[in-house]
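Working notes for the structure below.
The values are calculated or read from the model by the stated rules, or taken from the named source; none is laboratory data. Note that the structure is a prediction, hence the values are computed from the model and not measured. All Cβ positions, glycine included, derive from the backbone under ideal geometry; neighbour counts span all protein chains shown. What goes into the accessible areas is simple: the full protein's heavy atoms, side chains included, and nothing from ligands, DNA or RNA. Shrake-Rupley method; radii C 1.70, N 1.55, O 1.52, S 1.80 Å.
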Amino acid sequence: MNKGSNLLEYFLIIGLDPEIYKNEWLYFEPLETIREKYKDEIKPKIISQFPPFKKTTCSFDESIIDYCFPEGFNLIKNRSNDLKEKMFCFILPNRNYNEKYPNKYFSCIIFYEKISNYRKLYDAKAKYNNNLNKKLDNKEDNQKINDLYIPKCLLLISLYPYFTILEKINKEIYNYSLKI
(Lines give C-alpha, C1' and ligand atoms only; values in the text may rest on other atoms or scores of the structure.)
Protein backbone atom coordinates (compact mmCIF):
# COMPACT_ATOMS: atom_id res chain seq x y z
CA MET A 1 0.00 0.00 0.00
CA ASN A 2 1.40 3.40 -0.97
CA LYS A 3 1.85 6.06 1.64
CA GLY A 4 -1.14 8.36 1.63
CA SER A 5 -3.39 5.84 -0.11
CA ASN A 6 -5.91 5.82 2.77
CA LEU A 7 -8.85 8.17 2.62
CA LEU A 8 -8.54 8.85 6.35
CA GLU A 9 -5.26 9.47 8.10
CA TYR A 10 -6.65 10.08 11.59
CA PHE A 11 -9.85 10.11 13.57
CA LEU A 12 -9.80 12.25 16.73
CA ILE A 13 -12.20 13.01 19.55
CA ILE A 14 -11.60 16.34 21.23
CA GLY A 15 -13.24 17.38 24.48
CA LEU A 16 -12.63 17.74 28.20
CA ASP A 17 -10.17 15.50 29.98
CA PRO A 18 -12.24 12.69 31.57
CA GLU A 19 -10.59 13.42 34.94
CA ILE A 20 -12.39 16.78 35.10
CA TYR A 21 -15.73 15.01 35.52
CA LYS A 22 -14.65 13.90 38.99
CA ASN A 23 -14.67 17.48 40.31
CA GLU A 24 -17.55 18.48 42.54
CA TRP A 25 -17.60 22.10 41.33
CA LEU A 26 -18.48 21.03 37.78
CA TYR A 27 -21.84 19.73 38.95
CA PHE A 28 -22.82 22.32 41.51
CA GLU A 29 -21.12 25.67 40.87
CA PRO A 30 -22.97 28.27 38.78
CA LEU A 31 -21.83 28.54 35.15
CA GLU A 32 -20.40 32.04 35.71
CA THR A 33 -18.25 30.77 38.61
CA ILE A 34 -17.00 27.84 36.55
CA ARG A 35 -16.07 30.15 33.66
CA GLU A 36 -14.19 32.55 35.97
CA LYS A 37 -12.73 30.41 38.73
CA TYR A 38 -11.98 27.21 36.79
CA LYS A 39 -11.30 28.58 33.30
CA ASP A 40 -7.79 27.06 33.25
CA GLU A 41 -9.24 23.60 33.90
CA ILE A 42 -12.02 23.87 31.29
CA LYS A 43 -9.80 23.46 28.26
CA PRO A 44 -10.28 20.94 25.46
CA LYS A 45 -7.72 18.29 24.64
CA ILE A 46 -7.38 15.29 22.37
CA ILE A 47 -9.03 12.54 24.37
CA SER A 48 -8.91 9.80 21.74
CA GLN A 49 -6.97 9.21 18.53
CA PHE A 50 -6.96 6.50 15.90
CA PRO A 51 -4.50 5.28 14.90
CA PRO A 52 -2.76 5.87 18.22
CA PHE A 53 0.60 6.64 16.62
CA LYS A 54 2.02 9.41 14.43
CA LYS A 55 2.25 8.69 10.72
CA THR A 56 5.10 9.73 8.44
CA THR A 57 2.70 11.02 5.77
CA CYS A 58 0.73 13.40 7.95
CA SER A 59 1.06 14.92 11.38
CA PHE A 60 -0.71 17.32 13.73
CA ASP A 61 -0.23 18.75 17.20
CA GLU A 62 -2.36 20.20 20.01
CA SER A 63 -2.77 23.49 18.09
CA ILE A 64 -5.34 21.70 15.92
CA ILE A 65 -7.79 22.11 18.82
CA ASP A 66 -8.05 25.87 18.17
CA TYR A 67 -9.26 25.19 14.63
CA CYS A 68 -11.84 22.69 15.87
CA PHE A 69 -13.54 25.25 18.12
CA PRO A 70 -13.46 28.49 16.08
CA GLU A 71 -16.10 30.09 18.33
CA GLY A 72 -14.24 29.07 21.47
CA PHE A 73 -14.72 26.19 23.88
CA ASN A 74 -17.53 27.13 26.22
CA LEU A 75 -19.90 25.28 28.50
CA ILE A 76 -23.44 26.43 27.78
CA LYS A 77 -26.87 26.24 29.34
CA ASN A 78 -29.73 24.62 27.48
CA ARG A 79 -30.63 26.89 24.58
CA SER A 80 -31.78 25.01 21.51
CA ASN A 81 -29.94 27.18 18.95
CA ASP A 82 -26.62 26.76 20.75
CA LEU A 83 -27.00 23.00 21.08
CA LYS A 84 -27.39 22.18 17.42
CA GLU A 85 -24.44 20.23 16.05
CA LYS A 86 -22.17 22.14 13.69
CA MET A 87 -20.24 20.71 10.76
CA PHE A 88 -17.42 22.43 8.93
CA CYS A 89 -14.21 21.71 7.04
CA PHE A 90 -10.84 23.40 6.81
CA ILE A 91 -7.44 22.99 5.18
CA LEU A 92 -3.95 23.28 6.67
CA PRO A 93 -0.54 22.80 5.04
CA ASN A 94 1.15 19.42 5.39
CA ARG A 95 4.65 20.90 5.48
CA ASN A 96 7.72 18.68 5.58
CA TYR A 97 5.78 15.43 5.47
CA ASN A 98 4.95 14.55 1.92
CA GLU A 99 5.54 16.56 -1.26
CA LYS A 100 2.81 14.63 -3.07
CA TYR A 101 0.25 15.76 -0.47
CA PRO A 102 0.95 19.43 0.34
CA ASN A 103 -2.29 19.92 2.35
CA LYS A 104 -4.26 18.21 5.09
CA TYR A 105 -8.06 18.29 4.90
CA PHE A 106 -10.17 18.31 8.04
CA SER A 107 -13.83 17.60 8.70
CA CYS A 108 -15.29 18.53 12.10
CA ILE A 109 -18.58 18.01 13.78
CA ILE A 110 -19.18 19.76 17.10
CA PHE A 111 -21.94 18.47 19.35
CA TYR A 112 -22.95 18.94 22.98
CA GLU A 113 -23.25 16.43 25.80
CA LYS A 114 -25.20 17.03 28.99
CA ILE A 115 -23.00 17.26 32.09
CA SER A 116 -25.31 15.01 34.10
CA ASN A 117 -24.40 12.16 31.70
CA TYR A 118 -21.00 12.14 33.42
CA ARG A 119 -22.40 11.98 36.91
CA LYS A 120 -21.49 8.27 37.21
CA LEU A 121 -17.80 9.21 37.16
CA TYR A 122 -18.39 11.72 39.91
CA ASP A 123 -20.37 9.21 41.95
CA ALA A 124 -17.58 6.63 41.59
CA LYS A 125 -15.09 9.10 43.05
CA ALA A 126 -17.49 10.02 45.86
CA LYS A 127 -17.68 6.38 46.99
CA TYR A 128 -13.95 6.48 47.74
CA ASN A 129 -14.07 9.75 49.59
CA ASN A 130 -16.44 9.95 52.57
CA ASN A 131 -15.97 13.69 53.04
CA LEU A 132 -16.90 14.33 49.44
CA ASN A 133 -19.87 12.01 49.82
CA LYS A 134 -21.14 14.05 52.79
CA LYS A 135 -20.73 17.26 50.82
CA LEU A 136 -22.61 15.66 47.94
CA ASP A 137 -25.55 14.80 50.20
CA ASN A 138 -25.67 18.33 51.61
CA LYS A 139 -25.40 19.98 48.21
CA GLU A 140 -28.09 17.78 46.69
CA ASP A 141 -30.46 18.85 49.45
CA ASN A 142 -29.83 22.53 48.76
CA GLN A 143 -28.90 22.67 45.10
CA LYS A 144 -29.81 21.02 41.84
CA ILE A 145 -27.16 19.46 39.60
CA ASN A 146 -26.06 21.78 36.80
CA ASP A 147 -27.98 21.57 33.55
CA LEU A 148 -24.91 22.40 31.47
CA TYR A 149 -23.74 21.13 28.11
CA ILE A 150 -20.14 20.46 27.12
CA PRO A 151 -18.89 20.71 23.52
CA LYS A 152 -17.12 17.77 21.94
CA CYS A 153 -15.62 17.45 18.47
CA LEU A 154 -15.21 14.52 16.09
CA LEU A 155 -12.37 15.27 13.68
CA LEU A 156 -11.35 13.43 10.52
CA ILE A 157 -8.01 14.17 8.87
CA SER A 158 -7.32 13.26 5.26
CA LEU A 159 -4.73 13.98 2.58
CA TYR A 160 -7.50 14.16 -0.02
CA PRO A 161 -9.94 17.07 -0.61
CA TYR A 162 -13.11 14.96 -0.54
CA PHE A 163 -15.06 17.19 1.81
CA THR A 164 -18.48 15.79 0.97
CA ILE A 165 -17.36 12.23 1.70
CA LEU A 166 -15.55 13.28 4.88
CA GLU A 167 -18.67 15.09 6.12
CA LYS A 168 -20.85 12.06 5.38
CA ILE A 169 -18.47 9.74 7.25
CA ASN A 170 -18.31 12.12 10.19
CA LYS A 171 -22.10 12.45 10.30
CA GLU A 172 -22.49 8.64 10.22
CA ILE A 173 -20.03 8.24 13.10
CA TYR A 174 -21.91 10.88 15.07
CA ASN A 175 -25.32 9.32 14.35
CA TYR A 176 -24.00 5.90 15.34
CA SER A 177 -22.67 7.27 18.62
CA LEU A 178 -26.16 8.53 19.48
CA LYS A 179 -27.49 4.98 19.26
CA ILE A 180 -24.95 3.55 21.72
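Extending each Cα 7 Å along its Cβ direction at ASP147 and SER63, get the distance between those two points in nm, one decimal.
It works out to 4.1 nm between the two label points.
Non-local amide H neighbours of ASN94 (under 5 Å, H modeled in plane, Pro and chain starts lacking H): which ones?
ASN103, LYS104
Kindly sort SER107, SER63 by accessible area of their heavy atoms, largest first, with the probe set to 1.4 Å.
Ranked from most to least accessible, the order is SER63, SER107.
Within the set LYS77/LYS179; LYS45/LYS168; LYS55/LYS114, which residue pairs have Cα atoms separated by over 28 Å?
Details: LYS77/LYS179 24 Å; LYS45/LYS168 24 Å; LYS55/LYS114 34 Å.
With Cα atoms farther than 28 Å apart: LYS55/LYS114.
On average, how much accessible surface per residue is there in segment 1-72, in Å², for a 1.4 Å probe, leaving out ligands, DNA and RNA?
Details: 4110 Å² over 72 residues.
That works out to 57 Å² per residue.
Give the accessible area for GLU85 in Å² (nearest 10); use a 1.4 Å probe, count only protein heavy atoms, and leave out ligands, DNA and RNA.
60
Just how much of PHE50 is accessible, in Å², when a 1.4 Å probe is used and the result is rounded to the nearest 10?
Result for PHE50: roughly 140 Å² accessible.
Under a point spin-label approximation (7 Å from Cα along Cα-to-Cβ), what is the CYS89-ILE165 distance to one decimal in nm?
1.1
Can you run phi through the Karplus equation (6.51, -1.76, 1.60; θ = phi - 60°) for segment 56-66 and list ³J(HN,Hα) in whole Hz, with x for Gly and Pro?
Karplus-based 3J(HN,Hα) across segment 56-66 equals 7, 8, 7, 9, 8, 9, 4, 5, 4, 4, 4 Hz.
Just reorder LYS77, LYS55 by solvent-accessible area, largest first, 1.4 Å probe, all chains present.
Sorted descending by solvent-accessible area, the residues read LYS77, LYS55.
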